[in-house]
Amino acid sequence: MRLPRLLNRWLLFTAAVFLIALLMENEYYLTLLNFIGIHTLLVVGLNLLMGYAGQISLGHAAFFGLGAYTSGILTVTYGLNPWLAMLAGMIISGVAAFLIGIPALKLRGYYLAMATLGFGVIVYIVFTEAQAWTGGPSGLAGIPALHLAGLSFDTPWKLYLLIWMVVILILILSASIVDSRIGRALRALHDSEAAAESLGVNTQRLKLLIFVWSALYASLAGSLFAHTMNFIAPSSFDIMFSIKLVTMVVVGGMASVWGSLLGAGVLTILPEVLVFFHDFEVVIFGGILMVVMIFLPRGLVRGLLDLKEFRRYKRQGGAFPV
Amino acid sequence: MEILAPLLQYLISGLTNGAIYALIALGFGIIYNATTIINFAQGEMVMLGALCAISIYHVNPSLPLAFAGGVAMVTVIGLVFERLALRPVRDPSPISLIIITVGGAVFIKGIAMLLWGKDPYSLPPFTSNVPIGLGPATILPQNLWVLGVGALLVLFLEAFLRLTLVGKAMRACAYNPRAARLVGISTGRMVQLSFGLSAALGAAGGILIAPLTLGVYDMGTMLGLKGFSAAILGGLGSILGGVLGGLLLGVAESLASGLISSGYRDAVAFLILLVALFIRPQGLLGGKQ
Amino acid sequence: MKSRASLVLVAVIMAGLICFGAAGAKAEKKPYVIGGIFSITGPASYLGEPERNTMEMLAAELNAKGGIKGNPVKVVIYDDEGDVTKARLHAEKLLKKDQALTIIGPSLTHTSMAVLPITQQAKTPLISCAAGIGITSPAKERVWTFKTAQTDAMAVSRIYQYLKQHNLTKVAILTVSTGFGVSGKEQLTKQAEEYGIQVVAQEVFGEKDTDMTPQLTKIRGTDAQTVICWGTGPAPALVAKNMKQLGVTIPLIQSHGAASRKFIELAGDAADGIMMPAGKLVVYPLLPDTDPQKAVCQEYDKKYQAQYNKPASSFGGYAYDAMMMLAQALEKAGADRAKIRAALEQTKNFVGVSGVFNMSPEDHNGLTPEAFVMVKIEKGDFKLIE
Amino acid sequence: MAVNDISFGVPAGLVKAVIGPNGAGKTTLFNLITGFLAPQRGRILYREQEIQSLPAYAVASLGIARTFQLVQLFDHMTVLENVMVGRHRLSRAGLFSGGLRLPWARREEAAIRDKALEALEFVGLADRAAQPAAVLPLGLKRLLEIARSLASEPSLLLLDEPASGLDRVETERLGEMILTLRDRGITILLVEHDMSLTMEVADDIAVLNYGRLIAEGPPRAIQKHPEVIAAYLGTDWQG
């Protein structure tokens, strides 16, 4: 019974994704959707870490960058196959996350935030300073498009198909993870680390696992980004971008795979729509972060859904949780 | 001998920067002690201090007035920030608080950009601008001001916390909020006080270095991060630790850019932080976590 | 899981936002649409802001005069915040949605590099306002790309000419770690040999750094006869201050990136004696009346001051030249991108704020080192050296 | 500091209660046993194995489950999901197998669900399975915590004041539940202020005061123990 329903839902979504694309009269919107897709990958990963495991990373742009630069450097300088380069990027990001994660995840809250932030700053500086490899601040040009069996992903349409295929797969995978034993343990440790431990959940290991996992997503997104842009520069991977990712998670709602899609979508489209208020963009970002977290600590969408749900049960005499 | 001459210069420059990091670190520490919150907007207080003082100076060119006015304005901003952004928080988990204060920092920076524009501003040095020879090295009178006033502020803070009733109450709050409430200390008041005090310290730091570094709307972020690194390095919440952490970080940075590579200066600062976090997360002078 | 409800919510909000955006797309057919992409906010806002202001000011002016060939001019300007993703998106939007005939900008080398593959692909002229030499060379590959900013190579050769005249052969260079500084450093080291100059120290500093004494201390320990600082924003002023603090008395030469009154204001008394190559806009009152650029600079500065209450900057000048040159090309070519490109390429003896442009198929910048003059700061004001 | 020089045993298959005035160190004792605190000195043996240096999750995976004095539920999960977490130590699906829904992982998942429902039925919460845990009234939250612990099939169950916040009827049911569990062979260590409950279910009682063990024995003996009476006089003796 459960499987067909599940399949149904995803088929519906996949159909919607392609229908939306067909409705786009203008290729610009496809490009926009492509970036939304890439951002969604990042946000889903970060959301697994923040929303589910309750751990924060203020340096996720670093893993995004590691993926992008590994792909870029290996294909441009060494002429490696882009798919292999993508894999190499994920390995490097995963190992980096593992090494940072072992000590950092023993630390709680602020320390982890600071450790990831420090890591982000260092990686950004390396991108800027290691000019022999990365091309420095002027960027790395000429990154080839991905290709598969003679098909080159070099137009917004083809990229759209590729990127959203990946996004759909990752969304399915992540939604299943969340619903599985590991997902439950993650959500559990977010609500009460003590209780989770008392039931045999090795919270330390689990946090590390999900930290590495989310770094893999970020790296994958980075590689796709590099092959989409054909050009990368350090400025895409700075702290501000890490903070924007956190904003996307917060807007989309913590602990909500679908919310990640929404968060990435809204915050990628919003600056485009509000383009004539660009001086206010940072203020708006900051304001969103504060207001949402103050009043709906589980993020916008998840918070509103919770409100609805809890209102339903309130009559039965439950306390209102935050 | 050849090697020694630049070393002294690196030391001077490192200590000056370090003194500012120390002041910011103390700001972090004060709030952390009273509330266990890390206020990521602390760096923006430094920026606001510098820019407010510069604006006041433009209206009325008196440095003491600019200093006092700048500190006073930012203190008020710190209090308002606590009232509007942190008092109403419904879920005071670290992750929420991090996001809120980071959001606050971005927000304050954005507002400052709208108010002051994107251009940097200068503030004249407190006294003469003639460098003083110090053996093979030179030092500006403003460097001395930074070090001197910084040291005074630290002493003042230490005395305040140890000797005055309010200060003792604050420490009591930090040690055991529930017990403090039982003996009639208003913890809410203490939290407010801690935000005001740390904003004031940050602002003072900002005004002190403005003549050396100029004031610009985005100067706060990096200073805030370095200040926090210093606080962690020294041990969160320890006054002496914060000072030590700040000075160490400043000197390390300066030596790194002088002796290793100037491009990796910030990377070195954060590398030290990471190593410190991993080896000794409670900091040099911090107690148990 | 409440995925169905959230799925609907997601779809509705996304569709709504996109439609909202699309609603703006239905523009009138008549006007000539000129796109602009500048770093109006973010770390390079000092470039983007005057560029945007200038472009808007000129568009209003052109329209007041009845437009170009009777067609009103519509400028659509986006802010890339110095970010390549944003720049790319905006370029795509200008090309596909706004149907821009030509794009002016971006302000920075890396954002220009991120944009030009797609403007080339879309066969739409791009007039970059960034310095990097790689934007327009190799010219064969950059058929649709032009730029109005002087390249660093010119500033460097101007400086080295001066050093050679004064027999200064040992220099220490101190560059910012942004695209501007890296490209400056490249040129400084590359051209040194040609002028018989020896680079004895190479130091870098961060764009937001506030203390360069360690680097300068290191330089003080060398036998450099001159310090050349390559940076923009407040940092070069701090370098000047730090040098004074350290009692380093050898001459300091700044790049054209520091050539503005703001620099003098920020550096205060430390600015005295500093030399730099400057675009003529900065010193136009000092130029002889015979200099053709004097009138252009004066006109631009007056107009800019009147509208924005701030002195015009060389950066805005890049947009000024781009816009004026484009207006000229549009006058000739009309709304045909290929013809606009050809007209731009044939621009000859165009007297602009940043120099006298002579475009050709081999040179899409069209400037010579004469676009710069060497100036010295004395008593808080610029003085011509030659 | 809170607990000093305590030495006592918990006989398998029985209910042992630990009582004492507030601040006597009962919860500290629990935290020591379950690995949430590390003792500075001494040993904790469980089935002849030293567990005092094990982290909490490792203690749990030996089959020692606990509840908390201040209820620690996973507020944002449903009642059923809360209990399903209890099966964590007995299942093994990982990121990949769970994420890809491999056949064996799906079977395991179904088994987890069945066992969890079983535990919910035992405490009488099955009809609330789909509700968020946070909306339950306190009494039911305590029961849910017990169900969650039971789902992990412990051989030793530590209950930290399970009756606080329960009304008379609920307390009585709790008492029966504890006895049923004992009859199923689960050893129970109980901290409880409700003396009538304690006396009813405990086979053996240890009394703590100021972090010291002052008495140990069957309920009847303890009630008459002079030191116990002295310790409780004028304090919050709730018997």
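List of remarks:
- Fraction of the pair-distance distribution of region C:68-202 above 19 Å, Cα-Cα pairs, percent: 56
- Accessible area in square angstrom per residue, region D:118-239, 1.4 angstrom probe: 42
- Charge dipole magnitude, Cβ of K and R +1, D and E -1 - chain C, Cα centre, debye nearest 20: 1140
- Here is the list for region D:120-190: trypsin sites (Lys or Arg not before Pro) lying in DSSP coil, each with at most 10 other C-beta atoms within 10 angstrom of its C-beta, are D:Arg184.
- Contact surface A-D: accessible area buried, both sides summed, square angstrom, 1.4 angstrom probe: 3700
- MRE, 222 nm, helices only [DSSP H, n ≥ 4, -39500 (n - 2.57), over chain B, to nearest 500]: -24500 deg cm²/dmol
- Selection from A:Pro82, A:Ile125, A:Gly54, by position along the positive dipole direction of chain A (Cβ): A:Gly54
- Accessible area of chain B divided out per residue, in Å², using a probe of 1.4 angstrom: 38
- Across peptide B:22-33, the mean count of Cβ atoms from other chains lying within 10 Å of each residue's own Cβ comes to 0.
- Share of carbon and sulfur in the accessible heavy-atom surface of the protein assembly as shown [1.4 Å probe, %]: 62
- The packing ranking of peptides A:250-259, D:6-15, A:291-300, B:136-145, highest mean first, is A:250-259, A:291-300, B:136-145, D:6-15, where packing means the average number of other beta carbon atoms within 10 angstrom of each residue.
- Taking region B:104-119 and a reference point 7 angstrom along Cα→Cβ of B:His58, the backbone N atoms nearer than 20 Å belong to B:108-119.
- Counting DSSP beta bridges with both ends in the protein assembly as shown, the antiparallel % (nearest 5): 40
- Extending 7 Å from the Cα toward the beta-carbon at both D:Asn4 and A:Trp157 defines two label points whose distance is 8.3 nm.
- Other protein chain Cβ atoms within 10 Å, averaged over every residue that makes up B:108-119: 5
- D:Tyr57, D:Tyr210, reordered so the largest accessible area comes first (probe 1.4 Å): D:Tyr210, D:Tyr57
- Computed log10 I(q)/I(0) for the protein assembly as shown at 0.05, 0.09 Å⁻¹: -0.40, -1.14, from the Debye equation with unit scatterers placed on every C-alpha and solvent omitted.
- Exercise: per-residue mean of other protein chain Cβ atoms within 10 Å, D:67-76: 5
- Table column - 3J(HN,Hα) (Hz), region A:281-297, Karplus curve with 6.51, -1.76, 1.60, x for Gly and Pro: 4, 4, 4, 5, 4, x, x, 4, 4, 5, 4, 4, 5, 5, 9, 10, x
- Rounded if a/c under 1.5, otherwise prolate or oblate - region C:153-278, Cα gyration tensor axes: rounded
- Under the convention that each Lys and Arg Cβ holds +1 and each Asp and Glu Cβ holds -1, the size of the dipole of chain A around its Cα centre is about 1400 debye.
- Computed over chain B: relative contact order in percent, which uses C-alpha pairs under 8 Å that are six or more apart: 37
- Farthest positive-ward along the protein assembly as shown dipole, Cα basis, beta-carbon charges - from B:Phe156, C:Ala130, D:Met199: D:Met199
- Near the amide H of D:Val18, within less than 5 Å, lie the amide hydrogens of D:Leu190, D:Val191, D:Glu192, D:Ala206, all on another chain or at least 5 residues away, with H placed in the peptide plane.
- Folded to 0 to 90 degrees: helix A:60-76 orientation relative to chain A principal axis, Cα: 20
- Spin-label model, C:Ala295 to C:Asp223: label points 7 Å out along the Cα-to-beta-carbon direction sit 5.3 nm apart.
- Lys, Arg +1 and Asp, Glu -1 on Cβ, resulting dipole of region C:296-386 about Cα centre, debye, nearest 20: 280
- For C:Gln150, neighbours were defined as the other residues whose beta-carbon sits under 11 Å from its Cβ, and their charges (Lys and Arg +1, Asp and Glu -1) total 0.
- Protein accessible surface hidden between A and B, which excludes ligands and nucleic acids, total in Å², probe 1.4 Å: 3900
- Remark: region B:4-279 is approximated by an ellipsoid whose semi-axes, taken from the C-alpha gyration tensor as √(5λ), come to 29, 22, 19 Å, largest first.
- Between 0 and 90°, nearest 10: helix C:152-165 axis offset from chain C longest Cα axis: 20
- Between the C-alpha center of region B:129-143 and that of region A:145-179 there is a gap of 61 Å.
- Using θ = phi - 60° and Karplus 6.51 cos²θ - 1.76 cosθ + 1.60, couplings along region C:204-210 (whole Hz; Gly, Pro as x): 10, 9, x, 3, 9, 4, 10
- Prolate/oblate/rounded label for region A:2-239 (Cα gyration tensor, a/c 1.5): oblate
- Whole-Å distance, taken between Cα centres, linking region B:218-289 and region A:229-254: 26
- Considering region B:139-289, its Cα convex hull presents a mean projected area of 10.4 nm².
- Interface area, C with B, accessible, probe 1.4 Å, both sides summed, Å² nearest 100: 2500
- Placed amide H near D:Tyr46: partners under 5 Å, 5+ positions off or other chain: D:Ile51
- Separation of alpha-carbon centers, region C:309-386 and region D:156-226, rounded to whole Å: 90
- Along region B:113-124 the Karplus relation, 6.51 cos²θ - 1.76 cosθ + 1.60 evaluated at θ = phi - 60°, assigns HN-Hα couplings of 5, 5, 6, 9, x, 9, 7, x, 10, 10, 10, x Hz to successive residues, with x for each Gly and Pro.
- C:Gln202 long-range amide H proximity, modeled H, under 5 Å: C:Ile173
- For chain D, the relative contact order works out to 32 percent when only alpha carbon pairs closer than 8 Å and six or more residues apart are counted.
- Nearest-ten-degree value, helix B:4-35 long axis tilted from longest Cα axis of chain B: 10
- Count of Lys pairs (Cα-Cα under 24 Å; at least 8 positions apart or interchain) in region C:153-278: 21
- Per-peptide packing, taken as the mean over residues of other Cβ atoms within 10 Å, places C:202-212, D:216-226 in the sequence C:202-212, D:216-226 from highest down.
- Residue-normalised accessible area of region A:2-239, expressed per residue, 1.4 Å probe, Å²: 31
The values are calculated or read from the model by the stated rules, or taken from the named source; none is laboratory data. Treat the numbers as computed from the prediction; the structure is a model and nothing was measured. As a convention, Cβ positions derive from the backbone with ideal geometry for all residues, glycine included, and neighbour counts pool all protein chains shown. Areas reflect the complete protein model, heavy atoms only, side chains present, ligands, DNA and RNA absent. Shrake-Rupley method; radii C 1.70, N 1.55, O 1.52, S 1.80 Å.
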